[in-house]
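Beneath this line is the structure, given in structure tokens, with notes to follow.
The values are calculated or read from the model by the stated rules, or taken from the named source; none is laboratory data. The shown structure was predicted, so the numbers you read here are calculated from the model rather than taken from an experiment. Neighbour counts run over all protein chains shown; Cβ positions are idealised from the backbone, glycine included. SASA here: full protein model, heavy atoms, side chains in, ligands and nucleic acids out. Shrake-Rupley method; radii C 1.70, N 1.55, O 1.52, S 1.80 Å.
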Amino acid sequence: QVQLVESGGGLVQPGGSLSLSCAASGGRFSIKTMGWYRQAPGKERELVAVITTGGRTNYADSLKGRFIITRKNAKNTVYLQMNSLKPEDTAVYYCNADVWDFGHYWGQGTQITVSS
């Protein structure tokens, strides 16, 4: 059973920065893509960014240039650096891993609040 454990998050002022990390564990497995999604109150979960084993990335158009996703394959860990944060970035952020032969797994979610 693959488990994803997220860390980081919290409260930040507009214009500030935060970073998230997510580590996958739980036996022998190989991950295809890892990524981040978010869900704001009253809205559907949406893509933030994903990254492949080879480092290819895909971002939500509205977040390009402010958010940066990286990954350490040897540690099965994905990171999200969030810069120039805006109140509309407030949401619960979820880590996702697409694991070979097992499918998609989700982290428990971590709250990001951007407010003065």
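Quick notes
- Residue ID - nearest to Trp36 (Cα to Cα), chosen from residues in the stretch 83-110 that are part of a strand (DSSP E or B) and open to solvent by 90 Å² or more (accessible area, probe 1.4 Å): Trp106
- Per the conditions (1) more than 19 Å from Val5 (Cα to Cα); (2) more than 12 Å from the chain's Cα centre (by Cα); (3) surrounded by 15 or more Cβ atoms within 10 Å (Cβ to Cβ), the sole criterion not satisfied by Phe67 is (2).
Rundown of residues vs (1) under 21 Å from Pro14 (Cα atoms); (2) modelled with pLDDT under 95, yes/no style:
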| position | (1), (2) |
| --- | --- |
| Thr33 | no, no |
| Trp36 | yes, no |
| Ala40 | yes, no |
| Thr52 | no, no |
| Lys75 | no, yes |
| Gln81 | yes, no |
| Pro87 | yes, no |
| Ala91 | yes, no |
| Ala97 | no, no |
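- Residue count, the stretch 1-27 (criterion: within 16 Å of Arg38 (Cα to Cα) and either outside any strand (DSSP E or B) or in contact with a helix residue (DSSP H, G or I) (Cβ under 8 Å, 6 or more places away or on another chain) (or both)): 1
- Any hit, the stretch 70-82, residues being over 20 Å from Gln3 (Cα atoms), among the charged types (D, E, K, R), open to solvent by 60 Å² or more (accessible area, probe 1.4 Å) and not in a strand (DSSP E or B): no
- Evaluated against (1) of a type outside the set (Asp, Glu); (2) modelled with pLDDT under 95; (3) crowded, with 19+ Cβ neighbours inside 10 Å, Ser25 falls short on exactly one condition, (3).
- For Ser62, the requirement of being outside any loop (DSSP other than H, G, I, E, B), open to solvent by 70 Å² or more (accessible area, probe 1.4 Å) and either out of contact with any helix residue (DSSP H, G or I) (no Cβ under 8 Å at 6 or more places or on another chain) or touching a residue at least 60 places away in the same chain (Cβ under 8 Å) (or both) is met.
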